[in-house]
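Structure first, commentary second.
Values quoted throughout were computed directly from the atomic coordinates according to the rules given, and no laboratory measurement underlies them. Values in this document were obtained by computation on a predicted structure and should not be read as measured data. In this analysis, Cβ positions are derived from the backbone assuming ideal geometry, glycine residues included, and neighbour counts consider all displayed protein chains.
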Amino acid sequence: MFRRRAPRHSADVTDPRTGHGLTTARGPRAARAHEPGLGAAGAAPGARDPGGPPPPGLDVSTAHPARVWNYWLGGRDYFAADRAAGEQLSQEFPHLAQAARAQRAFLVRAVRFLAGPAQIRQFLDIGAGLPAGGNTHEIAQRIAPETRIVYADNDPAVLVHARALLKNPMLASTQEGRLSYVEADLRDVTAVLGGSARTLDLERPVALIMLGVLGHIDDHGAARSITSQLMDALPPGSYLAVADGVAGREPVEGAQQRYNDAVPVPYHLRRPDQLASFFDGLDLIEPGVVPCPQWKPDAPPPPDEPPVYCGVARKR
């Protein structure tokens, strides 16, 4: 609803230490999540100071959406302006930070399922952002070190952060696996798949992950078409994992509209049944399309569930 945009262009980032590609999707290992929960991502916003000096060429005097999201998740890659914006937004639009944390917790559990019982060894994570603990590659390669992961995002600032963070050995892929970052627009399916094919074998099953990104495509039919095109390009045995904010609560819808009126990249809430339609033709994994805290929870869901739904499904 805030951090993610539909990912433009194609460029891999390579780890100079290992020769592997790398990205900065959802969290540095320096702020690693402690399973089964969020770990560092569950840290209280405001509990830590902004990180060290910014990467060269990066303007941190004004807030950036990806860094604010990182702040909400207890990451390290944010600065004073981002923290101030995050605290203000949390007061005006509390559902945004709630959704961020719910999606991150779902990501941890979904990847744990996909790399574990589902035995998926390839991941395409579209709508990546800045680190905040519990990255797809951290979770998957902890279970299966040979796993290959591609992250995609369209934000140039994210790429600048990625180049700087690649100097941290804790972010590198395992020697057995591989990791790459593709700068590509979600709407350009050919570019996304072409960039991913440099790291993934698209003739073998892939888990396609899209968290908080489809809401940036205002036309529901177009969003469904993009999702279908991506899944059509993947072989049987592949999986789709989606999480997005949903409509249905008047206070949330009103707050989201006020937010959309004030930002250049709005986010469109959809009804739960519309979110479920992204899985048409696929076999849903239990418990189906549900509020994020209810998807294979590690603990009882909170009484006040965030307005974000999710699901995972397998391609026959």
* Structure fact -> One finds, for Gln257 and Asp283 with R0 = 30 angstrom and r their Cβ-Cβ distance, a FRET efficiency to the nearest 0.05 of 0.30
* **Added length on full extension, which subtracts the Cα-Cα distance from 0.36 nm per residue, Glu146 to Lys296** => 51.5 nm
